[in-house]
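S.K.: I have a structure here, written as structure tokens, and I will follow up with some questions on it.
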Amino acid sequence: MNVMTAAVLKAARPLPRDFGEVERLQVSRKGTANFVTVADRRTEKTLREELQKARPAFGFLMEEGGEIVGKDPEHRWVIDPIDGTTNFIHAIPYFCISVALEKIIAPGKSEILAAVIYDPIHNEMFTAEKGQGAYVNDKKLAVSRRDDFSEALFGTGSPRFGSPNYDLSNRMLHTVREKAAGIRFCGAAALDLAYVAAGRFDGYWHTGLQRWDMAAGMLLIQEAGGVVSSIHADENPLDSGTVCAANRLLHPALLNMLRVPKAAA
Ligand code: IPD
Ligand code: CA
């Protein structure tokens with residue numbers, strides 16, 4: 001955990017200044033996408049260098065750099081250097097660095113041993129180690145205790161227009177929207193999952209995600225007492241790319257609702 005948080009803090013150090021620059025650039029016509037791409041790559045490079053220094057044999061799976069197989073085939077870092085890139089580009093202060101340590105047990109079978117999600121703008125460091133609970137900074141996390149669906153607030157995100165999950169995702173949205181107190185599309189899946197662990201969202205779902213969007217957030221929620229599953233089958237969300245997460249009381253109802261629109265399609 002010390003290795004992970006030190007690497008994340010070092011990688012995050014320039015981000016508030018970058019964010020300030022992006023805010024300033026909103027009024028220029030040049031746009032900020034290239035600037036943010038540079039920040040994204042630099043963040044990933046620092047994370048890779050720092051983690052490699054501390055654990056030279058471990059492999060990597062990174063959003064920008066892809067997979068690097070390590071000498072130790074059992075351990076790899078799963079990294080999203082900036083989750084919530086579109087928010088960053090638009091100077092919306094909701095994005096994070098996400099790092100998970102994955103242990104490969106057998107081909108197609110793995111577990112997440114440790115997780116760090118860091119929101120540099122609000123200085124919130126979410127951490128979890130398997131079996132040791134989840135924390136934000138020094139505070140222990142617990143998922144919400146809300147059990148009435150009509151009072152529950154859910155986070156989600158939409159796959160891009162034209163992607164295979166797009167229509168299905170809209171049907172899911174309508175189904176849950178009718179029954180819940182509210183839905184938020186905040187734009188950073190990893191941070192959204194950390195918000196479920198913190199009890200801020202009562203639940204979350206998404207289709208079409210990547211491993212690095214989910215790996216750290218899943219462990220945070222489990223360690224905070226919540227339930228995380230895939231949506232359509234009994235498989236690992238990391239493999240299916242679909243995730244349904246909530247507190248224990250609401251998870252069965254949320255999962256049922258998310259499954260209905262596929263049957264009706
Ligand atoms: C995206 C965000 C977003 C989710 C997208 C992801 P990125 O990651 O997590 O919330 O809806 O599916 O691709 O591109 O900002 O790292
Ligand atoms: Ca992402």
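S.K.: Give me the pairs: first residue in region 42-61 and within 19 Å of ILE82 (Cα to Cα), second residue part of a helix (DSSP H, G or I) and polar (S, T, N, Q), beta-carbon distance under 9 Å, and six or more apart or on different chains, which are they?
M.R.: Listed by first residue and then by second, the contacts come to PHE60/GLN52.
S.K.: Moving to a separate point now. Within region 186-234, which residues are within 20 Å of ARG146 (Cβ to Cβ), among the hydrophobic types (A, V, I, L, M, F, W, C) and free of Cβ contacts under 8 Å to residues at least 40 places away in the same chain?
M.R.: Correct list: VAL227, VAL228.
S.K.: Check ALA197, ALA181, ALA190 and return the single one that is away from ligand 2 (no atom under 14 Å from the Cβ) and surrounded by 19 or more Cβ atoms within 10 Å (Cβ to Cβ).
M.R.: ALA197
S.K.: How many residues, within region 175-191, are in contact with a helix residue (DSSP H, G or I) (Cβ under 8 Å, 6 or more places away or on another chain) and over 27 Å from ALA115 (Cβ atoms)?
M.R.: Summing the residues that are in contact with a helix residue (DSSP H, G or I) (Cβ under 8 Å, 6 or more places away or on another chain) and over 27 Å from ALA115 (Cβ atoms) in region 175-191 gives 3.
S.K.: While we're looking at this one, here's another question. Quick one: ASN165 ticks every box in (1) crowded, with 16+ Cβ neighbours inside 10 Å; (2) under 18 Å from the mean Cα position of the chain (by Cα); (3) within 16 Å of ligand 2 (Cβ to nearest atom) bar one, so which box is it?
M.R.: (2)
S.K.: Of the numbered conditions (1) at pLDDT below 90; (2) among the polar types (S, T, N, Q); (3) surrounded by fewer than 19 Cβ atoms within 10 Å (Cβ to Cβ), THR32 fails exactly one; give the number of that condition.
M.R.: With (1) at pLDDT below 90; (2) among the polar types (S, T, N, Q); (3) surrounded by fewer than 19 Cβ atoms within 10 Å (Cβ to Cβ) applied to THR32, the lone miss is (3).
S.K.: Let me ask something else about it. Scanning for something under 25 Å from ILE79 (Cα atoms), buried (at least 19 other Cβ atoms within 10 Å of the Cβ) and away from ligand 1 (no atom under 16 Å from the Cβ), does region 139-153 turn up at least one residue?
M.R.: Scanning region 139-153, I find at least one residue that is under 25 Å from ILE79 (Cα atoms), buried (at least 19 other Cβ atoms within 10 Å of the Cβ) and away from ligand 1 (no atom under 16 Å from the Cβ), so the answer is yes.
S.K.: How many residues does region 84-127 contain that are in contact (Cβ under 8 Å) with a residue 60 or more places away in the chain and either within 16 Å of ligand 1 (Cβ to nearest atom) or β-branched (Val, Ile, Thr) (or both)?
M.R.: Number of matching residues: 26.
S.K.: Moving on. Specify the residue that is farthest from ligand 1 (Cβ to nearest atom); the eligible residues are those in region 154-185 that are over 16 Å from LEU258 (Cβ atoms) and of a type in the set (Gly, Ala, Ser).
M.R.: Among those that are over 16 Å from LEU258 (Cβ atoms) and of a type in the set (Gly, Ala, Ser), it is ALA181.
S.K.: I've got another one for you. Hey, can you tell me all the residues within region 146-183 that are among the aromatic types (Phe, Trp, Tyr) and assigned to a helix (DSSP H, G or I)?
M.R.: Hits for region 146-183 are PHE149, TYR166.
S.K.: So VAL8 fits all but one of (1) modelled with pLDDT of 95 or more; (2) surrounded by fewer than 16 Cβ atoms within 10 Å (Cβ to Cβ); (3) within 16 Å of ligand 1 (Cβ to nearest atom); what number is the exception?
M.R.: It fails just one condition, (2).
S.K.: Given the criteria within 16 Å of ligand 2 (Cβ to nearest atom) and either surrounded by 13 or more Cβ atoms within 10 Å (Cβ to Cβ) or not polar (S, T, N, Q) (or both), does ASP72 qualify?
M.R.: The answer is no for ASP72.
The values are calculated or read from the model by the stated rules, or taken from the named source; none is laboratory data. Here the structure is a predicted model, which is why all the values come from computation and not from measurement. For neighbour counting, all protein chains shown are included, and Cβ atoms are generated from backbone atoms with ideal geometry for every residue, glycine included.
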